[in-house]
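The values are calculated or read from the model by the stated rules, or taken from the named source; none is laboratory data. Here the structure is a predicted model, which means the values were calculated and not measured. Glycine gets a Cβ as well: all are built from the backbone with ideal geometry, and neighbour counts include every protein chain shown.
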Amino acid sequence: MARYIGPSTKIARKFGDPIFGPDKYFEKKNYPPGHHGMNKRRKKLSEYGIQLKEKQKAKYTYGVLERQFRNLFRKASRSKGITGEILLQLLESRLDNVVFRLGIAPSRNAARQLVSHRHITVNDKVVNIPSYTVKPGDIVGVREKSKSLETITASLDSARHAGSSWLEWDSEKLAGKFLNLPEREEIPENIKEQLIVELYSK
């Protein structure tokens, strides 16, 4: 699957969940898209179909491609602990996601673009790889030359996405500290990670 750049509401309706954040259009039509969207007698999904849908939902939510997602799952399955929870922690540790969580960008897509365009630093060094893994103790900030960028200032002014318990934000330095890996109950995403584990375990 190439990275999706189409209408976000269409995907949110597909999964029945506003996975890209608050969406007034989704609230108006919170049923699947298409001619039969409101038909309650839609074909029932098989167990495999339900598991696959959950994986697709996670991939769209975090903007991760199939190969990247599979590699993250392998890494999670080799680690000690609950595989599904570790998978979500790895997704949350991606630099583009951390930039989004800190409120520097209004969406993960916007965060990915800021990282790719060299506006973001990790421990005072420019990092332009969205999939870069942020570790506990790392400082993620805005590059000095980019602090007046309208996209960044507008996002920080609204600050809707700031406030994650595992992140600490310094508004003067425009930088945040990744304190620790989040616990499952701290991650707000509505993802049933156990279904994903079951899918890859087949």
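For a quick check of your reading of the model, give me the residue pairs whose first member lies in region 112-129 and is assigned by TED's automatic domain parsing to the domain that holds R143, whose second is surrounded by fewer than 17 Cβ atoms within 10 Å (Cβ to Cβ) and of a type in the set (K, R), with beta-carbon atoms closer than 8 Å and at least 6 apart or on different chains.
Going by the 8 Å Cβ cut-off, the qualifying pairs are V126/R118; N128/R118.
Residue-wise test of (1) modelled with pLDDT under 95; (2) touching a helix residue (DSSP H, G or I) at 6+ places or on another chain (Cβ under 7 Å); (3) at positive phi.
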position: D157; (1), (2), (3): yes, no, no
position: N180; (1), (2), (3): no, no, no
position: I191; (1), (2), (3): yes, yes, no
position: S201; (1), (2), (3): yes, no, no
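Please determine whether any residue of region 135-152 is buried (at least 21 other Cβ atoms within 10 Å of the Cβ) and either under 15 Å from the mean Cα position of the chain (by Cα) or polar (S, T, N, Q) (or both).
Pass one, region 135-152, residues buried (at least 21 other Cβ atoms within 10 Å of the Cβ): 140-142, 152.
This time we only want the ones that are either under 15 Å from the mean Cα position of the chain (by Cα) or polar (S, T, N, Q) (or both), so: none.
No, because not a single residue in region 135-152 is buried (at least 21 other Cβ atoms within 10 Å of the Cβ) and either under 15 Å from the mean Cα position of the chain (by Cα) or polar (S, T, N, Q) (or both).
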